[in-house]
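The values are calculated or read from the model by the stated rules, or taken from the named source; none is laboratory data. As the structure is a prediction and not an experimental result, all values here were calculated from the model. As a convention, Cβ positions derive from the backbone with ideal geometry for all residues, glycine included, and neighbour counts pool all protein chains shown.
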Amino acid sequence: MSLDASAVVLVSGGLDSATVLAMARAEGWSCHALSFDYGQRHKAELEAARRVAQAGGAATHRVVSLGLGEIGGSALTDAAIDVPEAGGEGIPVTYVPARNTVFLAVALGLAEVTGSTDIFIGVNAVDYSGYPDCRPAFIMAFEQLANLATKAGVEGANFRVHAPLIELSKADIIRRGTELGVDYSLTVTCYQADEEGRACGHCDACKLRRDGFRSAGLSDVTRYIPG
């Protein structure tokens, strides 16, 4: 890797993306952090993304507005759909239609603009909620698309999509991030956090996070809503 090698890192403000940013930085990448205001229920995760990008040493941080809330179809973008507190069969209502496809497409555009050939995303296929866009097959397919659909790819840029957490348990992710000095108190993972970024403690995201800290043998630094 050259000394000026840069990468685009998707930073949501959650535990996983904070870990991915730390991993990319540890590998020597200069990181362009990218976050999205896509119509999600709360803005606390965007504030968390700003904190994570700054604390994680990102070279730049952009927040791009997307209108995914205008198409709805998810409990995370449509207030009329309740966030479930227990998992069920099939793909849950917290799945946001085409979210990672859209996010990666914008990241790919930014990669072309910044001269980056590498994109990092914190998807996970082990401790996840059944989302189809968190699977290795999806990442592989998008990487192929990236090299077919862009000027830089056609000219030989060889884009790569990195998903370093894709086969790790939540506990393993937390252990790795802790080794790299990630301050998880800066992050927001909850599907329905309040305006202060405090977690509900009941949704699937909260349960996975809490169980991850417990399994890792580490203190849970999450701020929860009292009660």
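So, of the residues in the stretch 5-37 that are farther than 22 Å from Arg223 by Cα and assigned to a helix (DSSP H, G or I), which turns out to be farthest from the chain's Cα centre (by Cα)?
Here the residue is Ala26.
I'd like to check something: does the stretch 65-82 contain any residue that is more than 14 Å from the chain's Cα centre (by Cα), under 15 Å from Ser35 (Cβ atoms) and part of a strand (DSSP E or B)?
Checking the stretch 65-82: at least one residue is more than 14 Å from the chain's Cα centre (by Cα), under 15 Å from Ser35 (Cβ atoms) and part of a strand (DSSP E or B).
Of all residues in the stretch 166-181, which are outside any helix (DSSP H, G or I), within 16 Å of the chain's Cα centre (by Cα) and farther than 17 Å from Lys207 by Cβ? Quick ask: steps written out before the conclusion?
Step one: filter the stretch 166-181 for residues outside any helix (DSSP H, G or I), giving 166-169, 180-181.
Filter once more, so that each one left must be within 16 Å of the chain's Cα centre (by Cα): 166-169.
If the condition is that a residue be outside any helix (DSSP H, G or I), within 16 Å of the chain's Cα centre (by Cα) and farther than 17 Å from Lys207 by Cβ, then Ile166, Glu167, Leu168 are the ones that fit.
Of the numbered conditions (1) among the polar types (S, T, N, Q); (2) buried (at least 16 other Cβ atoms within 10 Å of the Cβ); (3) in contact with a strand residue (DSSP E or B) (Cβ under 8 Å, 6 or more places away or on another chain), Thr60 satisfies every one except a single condition; which is it?
All conditions pass for Thr60, except number (2).
Please count how many residues of the stretch 198-219 are among the small types (Gly, Ala, Ser), assigned to a loop (DSSP other than H, G, I, E, B) and within 19 Å of Glu85 (Cβ to Cβ).
First pass over the stretch 198-219, keeping only residues among the small types (Gly, Ala, Ser): 199, 201, 205, 212, 215-217, 219.
Subset that is assigned to a loop (DSSP other than H, G, I, E, B): 201, 217, 219.
From the residues that got through so far, the ones that are within 19 Å of Glu85 (Cβ to Cβ) too are 201.
Number of matching residues: 1.
Where residues in the stretch 103-154 are among the aliphatic types (A, V, I, L, M) and assigned to a loop (DSSP other than H, G, I, E, B), which of them is modelled with the lowest pLDDT?
Initially, the stretch 103-154 is screened for residues among the aliphatic types (A, V, I, L, M), giving 104-108, 110-111, 113, 119, 121, 123, 125-126, 137, 139-141, 145-146, 148-149, 152, 154.
Going one step further and asking which of them are assigned to a loop (DSSP other than H, G, I, E, B), we end up with 121, 123, 125-126.
Working: Ile121: 98, Val123: 94, Ala125: 86, Val126: 79.
Restricting to residues being among the aliphatic types (A, V, I, L, M) and assigned to a loop (DSSP other than H, G, I, E, B), the top hit is Val126.
Would you confirm whether any residue within the stretch 140-151 is surrounded by 14 or more Cβ atoms within 10 Å (Cβ to Cβ) and under 15 Å from the mean Cα position of the chain (by Cα)?
No, the stretch 140-151 contains no residue that is surrounded by 14 or more Cβ atoms within 10 Å (Cβ to Cβ) and under 15 Å from the mean Cα position of the chain (by Cα).
Does the stretch 158-171 hold any residues that are more than 13 Å from Val20 (Cβ to Cβ), out of contact with any Phe, Trp or Tyr (no Cβ under 9 Å at 6 or more places or on another chain) and surrounded by 18 or more Cβ atoms within 10 Å (Cβ to Cβ), and which are they?
To start, the set of residues in the stretch 158-171 that are more than 13 Å from Val20 (Cβ to Cβ) comprises 158-160, 167, 169-171.
With the extra rule that they be out of contact with any Phe, Trp or Tyr (no Cβ under 9 Å at 6 or more places or on another chain), the set shrinks to 158-160, 167, 169.
Correct list: Phe159 only.
I'd like the full set of residues that are surrounded by fewer than 20 Cβ atoms within 10 Å (Cβ to Cβ), modelled with pLDDT of 95 or more and not acidic (Asp, Glu), limited to the stretch 26-45.
Across the stretch 26-45, the qualifying residues are Ala26, Gly28, Ser30.
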